[in-house]
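As structure tokens, the structure follows; a few thoughts come after it.
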Amino acid sequence: MVRGRKQKRGDIVRIDIGNGKQFHAVALTHPLFAFLDGVSEREEPVQDVRDRAVLFKLWVMDSAAKSGRWPIVGKVDPPTVSALDGAVFFKQDRISGRISAYDAIANAESPLSFEEADCLECAAVWSPEHVEDRLRDHLNGISNKWWASMRPRK
């Protein structure tokens, strides 16, 4: 595998999910990525990729791009990155069960209901392999076991 470099804000990475299929993501404020809708079976021009809708946003381990597993294939302009940047995640205390919203950009937490939390991603850093599983499952229209394991509990 060709060694890559650590992603920078605005980098577009290509994510191979097997069988010649690939998704793309945009690196936002480290370690946040916005995963873009639309699968392709060939190399696509960056301009065709960058305007796609966002499927979800997750924090991802540095090894994804740094190892070369997710090669950097382009860049989006700063205004686009700013528009995409930021996400609110949920956190749940394992002992008390208390749920809160966490805004990483503002570094702030606020109370959250179970129903509100169930609409958010969990505050967790994903491995590239688990993200690839989730993208494959999205493509196949099935629930992802990693995502399901991190849902809020009543």
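The values are calculated or read from the model by the stated rules, or taken from the named source; none is laboratory data. Since we're looking at a predicted model, the values are computed, not measured. Cβ placement follows ideal geometry from the backbone for every residue including glycine, while neighbour counts extend to all protein chains displayed.
A few notes on this one:
- Against the numbered list (1) within 13 Å of the chain's Cα centre (by Cα); (2) over 22 Å from SER100 (Cβ atoms), TRP147 comes up short only at (2).
- Members of region 92-112 that are more than 27 Å from ASP11 (Cβ to Cβ) and either surrounded by 15 or more Cβ atoms within 10 Å (Cβ to Cβ) or acidic (Asp, Glu) (or both): GLN92, ASP93, ILE99, SER100, ALA101, GLU109, LEU112
- Only residues that are at pLDDT 95 or above and either small (Gly, Ala, Ser) or more than 23 Å from ASP37 (Cα to Cα) (or both) were counted in region 99-152, giving 23.
- Yes/no for PRO152 being loosely packed, with under 11 Cβ neighbours inside 10 Å and farther than 20 Å from ASP85 by Cα: no
- Region 57-87: number of residues that are surrounded by fewer than 17 Cβ atoms within 10 Å (Cβ to Cβ) and assigned to a strand (DSSP E or B): 1
- Single unsatisfied condition, GLU44 versus (1) farther than 17 Å from VAL131 by Cβ; (2) among the charged types (D, E, K, R); (3) touching a strand residue (DSSP E or B) at 6+ places or on another chain (Cβ under 9 Å); (4) touching a residue at least 60 places away in the same chain (Cβ under 8 Å): (4)
- Some residue of region 9-22 being under 13 Å from the mean Cα position of the chain (by Cα), exposed (fewer than 14 other Cβ atoms within 10 Å of the Cβ) and closer than 17 Å to GLU129 by Cβ: no
- Filter result (without any contact (Cβ under 8 Å) to a residue 60 or more places away in the chain and more than 23 Å from ILE105 (Cα to Cα)) within region 25-41: ASP37, GLY38, SER40, GLU41
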